[in-house]
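First up is the structure itself, then whatever we jot down about it.
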Amino acid sequence: MNFELSETQKMTRETARQFAVDELAPTAEERDAKEEFPHEAIKKLGELGFMGMMVPEQHGGAGLDTVSYALAMEEISRVDASVGVIMSVNNSLVCYGIEAYGTEEQKQKYLVPLAQGKLLGAFALSEPEAGSDATNQHTLAVRDGDFYILNGIKNWITNGYNADVVLVMAATDPSKGAHGISTFIVEKGMPGFAPGKKERKLGIRSSDTVSLSFQDVRVPAVNRIGDEGFGFRFAMKTLDGGRIGIAAQALGIAQACLDASIKYSKERKAFDRPIAELQAIQFKIADMATEIESARLLTLQAAMMKDAGQKFSKHAAMAKLFTSKTAVRAALEAIQIHGGYGYIREYNVERYLRDAKITEIYEGTSEIQRVVISRDLLK
Ligand code: CAA
């Protein structure tokens, strides 16, 4: 596998890095403390083409590849993982889902403004009783002429409070299990559709996470994505790509931990010398860097396989499993290197730990990634 980046990929990474340093870094900590949604930053990311990176230009996107997307996600999340997840859901779950499986009419109406960052999207699969067990859908969609009537509750929906458009998975034929689920495009403001209260979270606190309720919501049948019964496969295929986005998000957090640890260990003195001269610290830094580099290779490999049109479910799961673990370990080590200063808010490393943990949970827990990997190996 050739890991030489193209000029476009390098330029995309540089643009994201600059944006993160100039626009996100000065306010990331404050937004986290206030649990404040980054409206302005998301608007600017849209103008830069970062909200629909993999969408072709004729559908409002930047027409870039998955590798460029992963590189940008890493740079954004290195500074602000909350912005990272908002961007990830819009790009790899919502825009990709409509681009890959939507009708031309759906693309013109929804994808173009979503990819341009003029609308924000959310992806609603999880329910109070359907997390890892995602086929256990209780949200029902019953056909009524040219409409479907949706009833149910969705949980843990990233972007759900601020989203203009939500891709909703619902059972159209509960007797068929995974094959009786369909996907619908639901718009904010459709009567009967309302977001619940915002969850108070450990990390990624400036992104919003809510439940969504559907009470007799009339959704036009033309808003169904793909055939009836395609919804679970749609969710799984879309999540395969989403997991590359979350791996890249975790990678950014891990890299931020390493950057902070190197800086601090050169500045902080103990026993009359910088702690960077102590082997205990040097070994931690060496281990962190080695794990991060391995995680980066796994993530880029999965992205390259997706770009090459190869099967990549297992590789995306491996990338997410390993990179999320790397991020949590790197954050714990970064705090240890910072000692007491790592445990308070003055340095960002406590935020990195809080943000890192969710990457082992959403878009499929680490246990689910192991299910996906082992099923592929043992089938
Ligand atoms: N691509 C295509 N088809 C797939 C697929 C994939 N990656 N994975 C499964 N399928 C198909 C299967 O082939 C099967 O079809 P057949 O019956 O025709 O063979 C069908 O889907 C059902 O699959 P399984 O029998 O494997 O279903 P399962 O009940 O055993 O579940 C699972 C499999 C991997 C555990 C799955 O339920 C899963 O991934 N769970 C985790 C859900 C998840 O990731 N949720 C995240 C929520 S979204 C989120 O977090 C976003 C956010 O806000 C940040």
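The values are calculated or read from the model by the stated rules, or taken from the named source; none is laboratory data. Values in this document were obtained by computation on a predicted structure and should not be read as measured data. As a convention, Cβ positions derive from the backbone with ideal geometry for all residues, glycine included, and neighbour counts pool all protein chains shown. Side chains are part of the model used for accessible areas, which takes the heavy atoms of the whole protein and leaves out ligands, DNA and RNA. Shrake-Rupley method; radii C 1.70, N 1.55, O 1.52, S 1.80 Å.
For first residues located in segment 364-378 and over 21 Å from Leu93 (Cβ atoms), partners that are in a helix (DSSP H, G or I) and lie 6+ apart or on another chain with Cβ distances below 6 Å form the pairs Asp376/Lys314.
Only one of the numbered conditions (1) in contact with a helix residue (DSSP H, G or I) (Cβ under 9 Å, 6 or more places away or on another chain); (2) open to solvent by less than 30 Å² (accessible area, probe 1.4 Å); (3) near the ligand (Cβ under 10 Å from one of its atoms); (4) more than 30 Å from Glu47 (Cα to Cα) is not met by Gln137, and that is (3).
The single residue among Ile253, Ile204, Ile246 that is within 20 Å of the chain's Cα centre (by Cα) and at positive phi turns out to be Ile204. Selection of first residues in segment 265-285 that are part of a loop (DSSP other than H, G, I, E, B) and of second residues that are open to solvent by less than 50 Å² (accessible area, probe 1.4 Å), restricted to Cβ pairs under 6 Å at least 6 apart or on distinct chains, gives the following pairs, ordered by first then second residue: Arg268/Ile275. Only a single criterion out of (1) at pLDDT 95 or above; (2) open to solvent by 50 Å² or more (accessible area, probe 1.4 Å); (3) in contact with a helix residue (DSSP H, G or I) (Cβ under 8 Å, 6 or more places away or on another chain) is not satisfied by Glu7, namely (3). Taking each residue of segment 293-318 that is within 16 Å of Met236 (Cα to Cα) and looking for partners that are open to solvent by less than 40 Å² (accessible area, probe 1.4 Å) and part of a loop (DSSP other than H, G, I, E, B) with beta-carbon atoms closer than 8 Å, six or more apart or interchain, yields Ala302/Phe312; Lys306/Phe312; Ala317/Gly364. The set of residues in segment 99-123 that are closer than 24 Å to Ala319 by Cα and open to solvent by less than 10 Å² (accessible area, probe 1.4 Å) contains only Ala122.
Check Lys306, Lys320 and return the single one that is open to solvent by less than 10 Å² (accessible area, probe 1.4 Å), assigned to a helix (DSSP H, G or I), within 15 Å of the ligand (Cβ to nearest atom) and at pLDDT 95 or above. That would be Lys320, the only listed residue that is open to solvent by less than 10 Å² (accessible area, probe 1.4 Å), assigned to a helix (DSSP H, G or I), within 15 Å of the ligand (Cβ to nearest atom) and at pLDDT 95 or above. If you go through segment 212-229 and keep only what is within 12 Å of the ligand (Cβ to nearest atom) and either assigned to a strand (DSSP E or B) or open to solvent by 40 Å² or more (accessible area, probe 1.4 Å) (or both), you end up with just Leu212.
Scanning segment 333-354 for residues that are crowded, with 17+ Cβ neighbours inside 10 Å, of a type outside the set (Lys, Arg) and assigned to a helix (DSSP H, G or I) returns Glu333, Ala334, Ile335, Ile337, His338, Gly342, Val349, Glu350, Tyr352, Leu353.
Here is a yes/no grid of residues against (1) open to solvent by less than 40 Å² (accessible area, probe 1.4 Å); (2) out of contact with any Ser or Thr (no Cβ under 6 Å at 6 or more places or on another chain); (3) in contact (Cβ under 8 Å) with a residue 60 or more places away in the chain:
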site: Ala170; (1), (2), (3): yes, no, yes
site: Pro174; (1), (2), (3): no, yes, no
site: Ile181; (1), (2), (3): yes, yes, no
site: Lys198; (1), (2), (3): no, yes, yes
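As for segment 355-369, it holds at least one residue that is more than 17 Å from the chain's Cα centre (by Cα), within 16 Å of the ligand (Cβ to nearest atom) and open to solvent by 20 Å² or more (accessible area, probe 1.4 Å).
Out of curiosity, is Ala280 open to solvent by less than 60 Å² (accessible area, probe 1.4 Å) and hydrophobic (A, V, I, L, M, F, W, C)? Taking the combined requirement at face value, the residue does not satisfy it. The residue that is nearest to the ligand (Cβ to nearest atom), among those in segment 140-178 that are charged (D, E, K, R) and more than 24 Å from Gly364 (Cβ to Cβ), is Asp173. State yes or no: is Arg329 at pLDDT 95 or above, open to solvent by less than 30 Å² (accessible area, probe 1.4 Å) and either part of a helix (DSSP H, G or I) or small (Gly, Ala, Ser) (or both)? In short, no.
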